[in-house]
1. Based on what the data block shows, is I222 surrounded by fewer than 19 Cβ atoms within 10 Å (Cβ to Cβ) and over 13 Å from L300 (Cβ atoms)?
2. If I filter the stretch 42-77 down to residues being touching a residue at least 60 places away in the same chain (Cβ under 8 Å) and acidic (D, E), which single residue comes out as nearest to V142 (Cα to Cα)?
3. Working carefully through the options I18, I3, I68, I60, find the one that is under 24 Å from the mean Cα position of the chain (by Cα), surrounded by 15 or more Cβ atoms within 10 Å (Cβ to Cβ) and under 24 Å from C134 (Cβ atoms).
4. For K101, indicate whether it is surrounded by fewer than 21 Cβ atoms within 10 Å (Cβ to Cβ), free of Cβ contacts under 8 Å to residues at least 12 places away in the same chain, among the charged types (D, E, K, R) and more than 21 Å from E355 (Cα to Cα).
5. For the stretch 1-22, give me each residue that is modelled with pLDDT under 95, under 23 Å from Y144 (Cβ atoms) and in contact with a helix residue (DSSP H, G or I) (Cβ under 7 Å, 6 or more places away or on another chain).
6. With in contact with a Pro (Cβ under 9 Å, 6 or more places away or on another chain) and either assigned by TED's automatic domain parsing to the domain that holds P251 or under 27 Å from K427 (Cβ atoms) (or both) as the only criterion, which of V349, V313, V337 stands out?
7. So, in the stretch 241-258, how many residues would count as being over 31 Å from the mean Cα position of the chain (by Cα) and among the small types (G, A, S)?
Amino acid sequence: MKIKKVVVIGSGTMGSGIAAHLCNANIPVTLLDLKTEISEQARDKIYKSKPPLLLDKSKINNIKVGNIVDNFKEVSEADWVVEAVVERIDIKHNIYEKIFKERKKGAIVSSNTSSIPIKVLSQNLSEQEKKDFCITHFFNPVRYMGLLEIVKNENNDIEKINSLKNFCEVELGKGAIVCNDTPGFLGNRIGVYAMQVAMTEAFKMKLSVEEADAIFGRPMGIPKTGIFGLYDLIGIDLMADVLKSFIKELPETDKFHEVAKEISLVKKLIETGYTGRKGKGGFYRVNKTDGKKIMETLNLESGEYFPSKKINVNSEKVNLKALINRDDKYGQYAWSVISKIIKYASSLVPNITKEFNDIDEAMRLGFNWNKGPFEMLEEIGVKNFFDKVDEYKGNDFLNNLAKTKNEKFYGERQKYTEIETLGKVKKKAKSIDGNNSAQIYRFKDYNIVEFTTKANALDYDSMDALKKATDKPLIIINESMQFSAGVNLSYTMEFADKNDFKSIEKFIKYFQETCKHLKYSRHPVISAPSGLTLGGGFEVMVQSNFVASHTNIVVGLVETIVGLIPAGGGCKEMLARWLDTEEAKKDPHYASLKVFDIIGYGKTATSPVEAEPMKYLKAEDKKIMNRNSLLEVSKKILLDNKNFKAPDELKFNLPGKVVQTEMNKIIEKLYNDRVILDHGVEVAKELAYVLSGGDTTIDKTLSEDYLFKLELEAFMKLIETKKTQERIKHTLATGKPLIN
């Protein structure tokens, strides 16, 4: 059956998130709760949410609100009813009784529960009703987290489950994985176990909070929050409740019980109100000393707080083999945690799912891991793993693998979807090329470049890979969370600290040259961005010939925040786009002033809908809900452009000093209003000079190379100033801007 209308019952965080995402997909939705005021408040929260739950605020009009007394008739028109009320079984049973009396024949009914089994939820339903009932476990925030677990049991109509899966994949853009009705389903069962292992091993090995977080983070391909930081983020008290639920549901023989035992220090934190970020603090807290805010960390042995220390484990890139073989406490900790996660995950196959790589995808999509447990095993190597591992009694998966010693056990990736994803296609490459910053996958008819640095920051090697890959049509696409957060500022500052500004200039010139090469290559270049596409990342995207953008994109030119201006063609390309408007044809100052406003404030867009009015994206750029589809769409663009011809080079007519005068008045007002300080004035003046065309007049025609030259000169002037260097160092250290 087709899903044309949805009712969501329960307007809390999850219910509101689900309703908002249905709005994003242009699916009419009604949000019901106890009282209309509650639903109205939820509607208002959705509208104002940060990060935004809506791709475009106007989509809020797709939501109707009501209450479960006066408006329950809405259920009779719905093709899918989602229950997202409080996790109390009596309340849920009461709601289901009403839903199944009111629903139209064949409509799907699902619960968004994260912990209650179907057999408990559906115990009062008839056999026919059970066929149409399942669990749809969305992850929070719904718009941004890719995973949706559809939980079934033996009572379900499998055709209906597959129909729902297809809808959620195609229309909602979710990685919809069907799994069995077991405690914690896929993601939480492994994810919570992994968290508990990481915590208990840190206590056992007497690591500090900072040391454990430094390892159970980027070096393992896990978000930088770390284990203790993640506990604080989720809520230490909430995690205690989650553990109680698992202990209750899982048999005593399950290894989960070994890592879920109550820790006295954790109990004390909860009792004293130290429940994490929402409380007085947790494993970390912010304390004021002499009027200054100081980040402090809990000592796991004494229970006292001390100023936090930054731990450098010298492991920027994910290299699990090197990490577990380190001859120090960090290597021992990494191996202990990783080996236990692999043993536990593999012991659950085929009970929770017959496809072991569904577990990997659940960890990728639901927990933002780079690799799931079985991919970790694949990277470590089967022989290496069994050479190091201790007993794995009763684990059929590992027993069979130990016998076969099959290093290629993994097979196909992402079996949960029929979409031709990047993850699947990479394994079919004719050859793999690249360097420390990017991989090139070579196929018969095209190439793929995937960036591999932290946040996919760009450097010389990134540019080398892009240039090298233009011998065929090229798709620039990444599996990691970000497309590119921009040029590697740490790399740039290494030169600045040595007063080696010639090396910085050389790099920026090479960056410009590479972007121009992409734009005018004889083969088409496609960028397929998702996540952060900022600064230099935007400049690579904007100088590609075609763009296929995921809807969850954060795009913009943010260089002024760190005291710089875009110098890889960002100013040039934004000017070109705004010059190509009707307003600019009537007013020669219009484009320069518009771009000055956008770049000067470092404005970003959080969706393609927001990006288009700023000209960060064009109307013809493809916008895709399902991130998995980016490669398929990009390949179709290549297929549709077999007779591709590179565009003509741009020419510019800019007003020069006359528009600079207008910009200087704006700068002066911002300074007088204390919006910007002394260095902000200097940055703004350099930007104004570039965007006005420098020493020119409207009758002179300027080339792209001339604009590149202006960008480079302004960038170099600013990078050589101490105040820009202070801004960059402050942002690198704190993640926050410095206004100076």
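The values are calculated or read from the model by the stated rules, or taken from the named source; none is laboratory data. Note that the structure is predicted; figures quoted are calculated from it, not measured. Note that each Cβ is placed from the backbone with ideal geometry, even for glycine, and that neighbours are counted across all protein chains shown.
1. Details: surrounded by fewer than 19 Cβ atoms within 10 Å (Cβ to Cβ): no; over 13 Å from L300 (Cβ atoms): yes.
Taking the combined requirement at face value, the residue does not satisfy it.
2. Applying the filter and picking the extreme gives D56.
3. The unique qualifying residue is I18.
4. Taking the combined requirement at face value, the residue satisfies it.
5. Passing the criteria: only S11.
6. On the way: V349 fails: in contact with a Pro (Cβ under 9 Å, 6 or more places away or on another chain); V337 fails: in contact with a Pro (Cβ under 9 Å, 6 or more places away or on another chain).
The match here is V313.
7. Residues flagged as over 31 Å from the mean Cα position of the chain (by Cα) and among the small types (G, A, S) within the stretch 241-258 amount to 0.
A quick yes/no check of all residues on (1) touching a Phe, Trp or Tyr at 6+ places or on another chain (Cβ under 8 Å); (2) farther than 16 Å from G226 by Cβ:
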| site | (1), (2) |
| --- | --- |
| V170 | no, yes |
| V178 | yes, yes |
| G184 | yes, yes |
| N188 | no, yes |
| Q196 | yes, no |
